[in-house]
Amino acid sequence: MTLPRFLLAALLWGCLLLPAIAQETLTLQNAIKLALENNYNLQISRNNIQAAQVNDHPGAAGMLPTVNLQSSTTGQVNNLSQKFTNGTEIKRAGVLAFNAQFAVNAEWTLFDGFRMYATRQRLKEEIGLQTKLLNGQMLETVRSVTEYYLEIVRQQQLLKNTDAMLSISNEQVQLFKMRFESGLSAKMDYLQAQTDYNTQLSQKNVLLNSLAQTKENLNVILGRNAGIGFTVEDSTLLNAVWALPDTLNTDNNPNVQLTKTQIGISQLQYQEIEAGKYPQVDLVGTYNFNYNRSQAGFSLFNLNTGPVAGINLTWNLFNGGTLKRALTINQITRQSLQTGLEQTRQLLESQWVQARRNIAFFRQQVQLEDQNLATASENMTISMERLRAGVANALELREAQRSYEQVLMRKTEALYQIKLAELALLYLQGNLLKDE
């Protein structure tokens with residue numbers, strides 16, 4: 001059974017289009033943009049900001065009155081037995097009685113030791129806290145995306161290096177095979193060359209698997225399916241020049257800003273707790289409707305309606321030291337936050353020093369490896385020419401090839417470490433969202 005021509009053509013066209021669709025080109029800027037828009041953690045943080053904005057309301061701070069409605073209706077069947085002072089007696093079974101009550105109660109706190117004002121300010125600060133949490137997560141997300149992107153670039157450069165070595169190894173295999181078949185060298189040289197080629201091919205497969213896993217991890221941060229294929233622009237990224245800050249201002253770091261906001265919120269919470277030392281004054285008002293009716297008894301009908309207004313004063317004179325303990329715990333919490341702030345500053349400064357030192361160190365390494373690369377490349381070329389001329393042996397060639405390969409790997413690693421250190425400087429200064 002054969003497929004119709006149009007169906008066969010469609011299948012072939014789909015196979016041709018599939019790689020093109022799967023392998024989109026993803027730039028670093030586009031990756032960061034996708035992450036900031038679609039990352040699930042960032043979406044949750046934005047929802048938290050919206051929730052804090054909704055909660056920033058005078059009613060949540062206790063500044064507005066509360067009004068509630070109460071209503072009840074009851075019916076009773078009683079056996080009535082009454083005797084009055086004038087000698088009258090009432091004895092009756094199955095007396096029906098009906099009661100209806102309705103009330104509208106309103107209460108408005110006029111004074112509570114200024115707790116409501118501290119609470120309202122704290123609710124506003126909660127919005128700032130959630131915003132700073134989002135900024136910190138955005139900074140972390142940009143850093144993670146950039147690190148994964150750089151790792152992909154590094155792995156692809158290692159793959160290029162491996163392909164170059166595979167090309168050299170394949171030529172060696174062919175040369176040793178020809179020499180073995182012509183009787184100019186032992187079979188052992190040919191077998192060793194083939195083994196070296198297979199080893200490098202195995203290393204390439206490991207790199208390909210690692211590269212696929214890194215791309216999957218990046219896709220997850222971008223908030224999309226892990227299996228989406230893409231390519232990266234890696235031609236100049238490891239050699240790109242980024243504008244780096246000269247000095248560290250820890251106040252620009254989101255972690256420092258977050259801790260400062262937490263300290264401010266803790267101070268407002270202290271004011272809320274301290275308000276418990278003062279009396280609370282409430283304005284209360286009620287409108288009552290009370291209706292009673294009975295078939296027998298002293299009162300056959302009773303109706304009460306009308307408003308009631310008053311002022312309630314509540315003053316907690318002693319509560320077992322709960323207020324004092326709460327204030328002490330709050331002070332301890334603020335001190336811990338202040339200590340954590342100083343620790344964060346120290347850690348940021350330490351990471352700053354380490355990043356600058358790493359940049360200087362690995363830049364020297366790159367310069368050194370450039371010199372080594374020129375030497376190793378020339379040595380590799382000479383060894384291959386000697387092999388083609390039948391002068392060099394297998395050991396000499398393998399040593400030249402190993403030196404050349406190691407230089408390529410060390411240079412790639414040094415360039416990668418420079419970018420990581422530069423990324424750390426931008427992160428510590430809080431400039432990633434601007435510069436990247």
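The values are calculated or read from the model by the stated rules, or taken from the named source; none is laboratory data. Keep in mind that what you see is a predicted model, and the values were worked out from it rather than measured. No Cβ is skipped: glycine too gets one built from the backbone with ideal geometry, and neighbour counts run over all protein chains shown.
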Legend entry - Filter pass, residue 206 being of a type in the set (A, V, I, L, M, F, W, C), at negative phi and surrounded by fewer than 17 Cβ atoms within 10 Å (Cβ to Cβ): yes
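Kindly evaluate residue 241 against the criterion of being surrounded by fewer than 13 Cβ atoms within 10 Å (Cβ to Cβ), modelled with pLDDT under 90 and either touching a Gly at 6+ places or on another chain (Cβ under 7 Å) or assigned to a strand (DSSP E or B) (or both).
When the stated conditions are applied, residue 241 does not pass them.
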Legend entry - Which numbered condition residue 194 misses (of (1) crowded, with 17+ Cβ neighbours inside 10 Å; (2) within 51 Å of the chain's Cα centre (by Cα)): (1)
Inset, instruction - Kindly indicate whether residue 396 is of a type in the set (D, E, K, R) and in contact with a Ser or Thr (Cβ under 9 Å, 6 or more places away or on another chain). - result: yes
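Could you grab me the full set of residues in the range 351-388 that are of a type in the set (D, E, K, R) and free of Cβ contacts under 8 Å to residues at least 12 places away in the same chain?
Matches in the range 351-388: 357, 378, 385, 386.
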Legend entry - Failed criterion for residue 291 (all others in (1) more than 30 Å from residue 418 (Cβ to Cβ); (2) modelled with pLDDT of 90 or more hold): (2)
Inset, instruction - Among what's in the range 385-404 and is surrounded by 20 or more Cβ atoms within 10 Å (Cβ to Cβ) and at pLDDT 80 or above, pick the residue that is farthest from residue 153 (Cα to Cα). - result: 400
Legend entry - Criterion violated by residue 251 - all others in (1) surrounded by 14 or more Cβ atoms within 10 Å (Cβ to Cβ); (2) at pLDDT 90 or above; (3) farther than 30 Å from residue 325 by Cα satisfied: (1)
Inset, instruction - Hey, can you tell me all the residues within the range 90-105 that are in contact (Cβ under 8 Å) with a residue 40 or more places away in the chain, exposed (fewer than 15 other Cβ atoms within 10 Å of the Cβ) and not β-branched (Val, Ile, Thr)? - result: 92, 96, 98
Inset, instruction - Determine which member of the set 382, 418 is of a type in the set (A, V, I, L, M) and either surrounded by fewer than 16 Cβ atoms within 10 Å (Cβ to Cβ) or in contact with an Asp or Glu (Cβ under 9 Å, 6 or more places away or on another chain) (or both). - result: 382
Inset, instruction - Out of the residues in the range 178-191 that are surrounded by fewer than 17 Cβ atoms within 10 Å (Cβ to Cβ) and in a helix (DSSP H, G or I), state the one that is modelled with the lowest pLDDT. - result: 181
Legend entry - Conditions (1) farther than 30 Å from residue 352 by Cα; (2) without any contact (Cβ under 8 Å) to a residue 40 or more places away in the chain; (3) not in a helix (DSSP H, G or I); number of the one not met by residue 231: (2)
Inset, instruction - Those residues that are more than 30 Å from residue 252 (Cβ to Cβ) and either in contact (Cβ under 8 Å) with a residue 40 or more places away in the chain or part of a helix (DSSP H, G or I) (or both), I need them from the range 320-350; list them, please. - result: 322, 323, 324, 325, 326, 327, 328, 329
Inset, instruction - Would you be able to say whether some residue in the range 255-264 is part of a strand (DSSP E or B), modelled with pLDDT of 90 or more and charged (D, E, K, R)? - result: no
